[in-house]
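Asker: First the structure, which I've put down as structure tokens, then a few questions once you've had a look.
The values are calculated or read from the model by the stated rules, or taken from the named source; none is laboratory data. No experiment lies behind these values; they were computed from the predicted model shown. Every residue, glycine among them, receives a Cβ derived from its backbone with ideal geometry; neighbour counts consider all protein chains shown.
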Amino acid sequence: VGERELRVKMEKKKEESNNRLTYLKEFLAYLDGQKNEIQSNLSESELKLKKVQERAEKLKFNFEVVVYLKQGQVEIPQLPVATDYKDAILVKKQVIQNENASVIEKGQRKVKTMEKISHHRTTLKTVKFKNQKLKLQITDAIERAKDVQLYRVTKQTQEIIQGKHQKKDEEDKKRLENQI
């Protein structure tokens, strides 16, 4: 009987221990769930804190200022409703003047180069023209030489060559003068 009582006590104790173990396991699972939930809340809160700190840091250095600009100085496309200036930057006048000066200098160099090219082309055309003129003169001289070589000499032509025609012209002049 003593052993039986001991066995019953042991079984009750075992059952209580099993119940307690089950309860503790459930409680442990509940605590793990709570822990995970708290950790996720903590990580979300840390992210929010980090974003807020970054925003605060940005606001320290990146603040909005109303700037009134002269008309014609804004080189952003104007929208009919509201123009967005978030991508706009302010540039010093000196920087723009330096850029303009470099553009003008490059333009002047290009104009000088183009003038040189134009001058060389004109010179080349002149040389080509003179060359063609000389070729044509040579051709003309050759043709005239052929004409002279192939020309039939008559009696009148011989007189002209010898200069007798001048005497006739003088005689005609005297005769006409006498008639007057």
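Asker: How about segment 149-158: which of its residues are part of a helix (DSSP H, G or I) and either loosely packed, with under 10 Cβ neighbours inside 10 Å or modelled with pLDDT under 75 (or both)?
Answerer: Listed by number, the residues that qualify are Q149, L150, K155.
Asker: For segment 73-94, enumerate the residues that are in a loop (DSSP other than H, G, I, E, B), of a type in the set (D, E, K, R) and at pLDDT 70 or above.
Answerer: Correct list: D84, K86, D87, K92.
Asker: Does K106 count as surrounded by 10 or more Cβ atoms within 10 Å (Cβ to Cβ), modelled with pLDDT of 75 or more and within 50 Å of the chain's Cα centre (by Cα)?
Answerer: So K106 fits the description; yes.
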